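A quick write-up on the structure given underneath.
The values are calculated or read from the model by the stated rules, or taken from the named source; none is laboratory data. The shown structure was predicted, so the numbers you read here are calculated from the model rather than taken from an experiment. Neighbour counts are summed over all protein chains in view; Cβ atoms, including those assigned to glycine, are modelled from backbone coordinates with ideal geometry. When the accessible area is computed, the model is the full protein with side chains, heavy atoms only, and any ligands, DNA or RNA have been set aside. Shrake-Rupley method; radii C 1.70, N 1.55, O 1.52, S 1.80 Å.
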Amino acid sequence: MASVALSEAEKVYIVHGVQEDLRVDGRGCEDYRCVEVETDVVSNTSGSARVKLGHTDILVGVKAEMGTPKLEKPNEGYLEFFVDCSANATPEFEGRGGDDLGTEIANTLYRIFNNKSSVDLKTLCISPREHCWVLYVDVLLLECGGNLFDAISIAVKAALFNTSIPRVRVLEDEEGSKDIELSDDPYDCIRLNVDNVPCIVTLCKIGYRHVVDATLQEEACSLASLLVSVTSKGVVTCMRKVGKGSLDPESIFEMMETGKRVGKVLHASLQSVLHKEESLGPKRQKVGFLG
């Protein structure tokens, strides 16, 4: 992961400020930086989104392709995640430098979506045991400015909200063989319900307190962080600790409560922005990446 070198004096300044609920950029401990969200930014995908959180820039594309259902879930489709850490984001990602981080992020996304209530995968089934839709979710890290997991989860949710899957019909002839017919109407599509898709809230322990949406400088002052996956109703679906430091049970409970509280506000703001952008229709002005 991208890192930044800080002197001891800078670390002391950041840590002491956090204890007073005053961060270097003027935010409180539970405040996010400004989040820019734009959907439908890549034309050759089924759905896409670009999210900029401070200096963190994420692009996500979703491609729907036909596949065969998994043996253990014959009446469901499924999602596949791939994360590419661009060398433009930080020199540390040159060569195979970003592979480990990409695998870590992909595994975290698999864990979040390994939940029946997040996305109704049965809507992706075309013909049980034979055909289903497979959603390939490609995540590209364009710039790293701290708080990667939160930005990626927001971008993935926005891209899934934007995803349109062609409606298909299964036709069976007299001999029992099945043919799949795609609708000719480009607007005759299936849209995913992403209301229950969780977002990640990362809480970094700095001194005796914890902060959300940490910058690279704040992450350098933190020895342990807690990733909390929260739904729009404030339900925690999974947690994961990262970092070399340890967290005591009382701190974990406090961080969970903060994650649930902040997560509900984050979901409400994101849903409002997504619905507002969709209401503008296809003629809206593209203002961001690839606009």
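Once Lys and Arg get +1 and Asp and Glu get -1 on their Cβ, which of A5, L101, Q271 lies farthest toward the positive end of the dipole of the chain?
So the residue we want is Q271.
When the accessible area of the chain is computed with all protein chains present and a 1.4 Å probe, what percentage of it is carbon and sulfur? All intermediate terms of the calculation are to be shown ahead of the outcome.
Working: 7670 of 15140 Å².
Reported share for carbon and sulfur atoms: 51 percent.
Please give the FRET efficiency for L6 paired with V265, using the beta carbon to beta carbon distance and R0 = 35 Å, rounded to the nearest 0.05.
Efficiency at R0 = 35 Å is approximately 0.75.
Percent relative contact order of the chain, based on C-alpha pairs within less than 8 angstrom and at least six residues apart? Write out the running numbers ahead of the final one.
On the way: 577 pairs, mean separation 57.2, N = 291.
Computed value for the chain: 20 percent relative contact order.
Given points 7 Å out from each Cα along the Cα-Cβ axis, report the S86 to D25 separation in nanometres with one decimal.
1.9
For the chain, give the magnitude of the charge dipole about the Cα centre (Cβ charges: +1 Lys/Arg, -1 Asp/Glu; no others), in debye to the nearest 20. Don't jump to the answer; show the numbers that get you there.
Numbers: 32 positive and 45 negative charges, 139 e Å.
Using only the charged Cβ atoms, the result is roughly 660 debye.
With point charges of +1 on the Cβ of Lys and Arg and -1 on the Cβ of Asp and Glu, referenced to the Cα centre of the chain, which listed residue (T123, S153, P166) lies farthest in the positive direction of the dipole?
Farthest towards the positive pole: S153.
Based on the Kirkwood radius over alpha-carbon pairs, what is the Stokes-Einstein translational diffusion coefficient of the range 1-117 at 25 °C with 0.890 mPa s viscosity, in µm²/s? Please report the intermediate quantities before stating the final value.
Details: Rh = 18.0 Å.
After rounding, the answer is 137 µm²/s.
Suppose the chain between L223 and D184 were pulled fully straight at 0.36 nm per residue; how much longer would it get relative to their current alpha carbon spacing?
Values: separation 39, 0.36 × 39 = 14.04 nm, distance 5.49 nm.
Gain in length upon complete extension: 8.5 nm.
Which order do the peptides 139-152, 120-133 take when ranked by the mean count of other beta-carbon atoms within 10 Å per residue, highest first?
Highest to lowest by the protection proxy: 139-152, 120-133.
Taking the mean number of other Cβ atoms within 10 Å as a proxy for protection, how do you rank 59-65, 181-187, 14-20 from highest to lowest? Please list the in-between numbers first.
Values: 59-65: 21.0, 181-187: 9.1, 14-20: 16.1.
Highest to lowest by the protection proxy: 59-65, 14-20, 181-187.
Could you tell me which trypsin sites (Lys or Arg not before Pro) in the range 153-203 are loop residues by DSSP with no more than 16 other beta carbons within 10 angstrom of their beta carbon?
R167
What FRET efficiency comes out for the pair T123/F253, r = Cβ-Cβ distance, R0 = 45 Å, nearest 0.05?
The calculated FRET efficiency here is 0.80.
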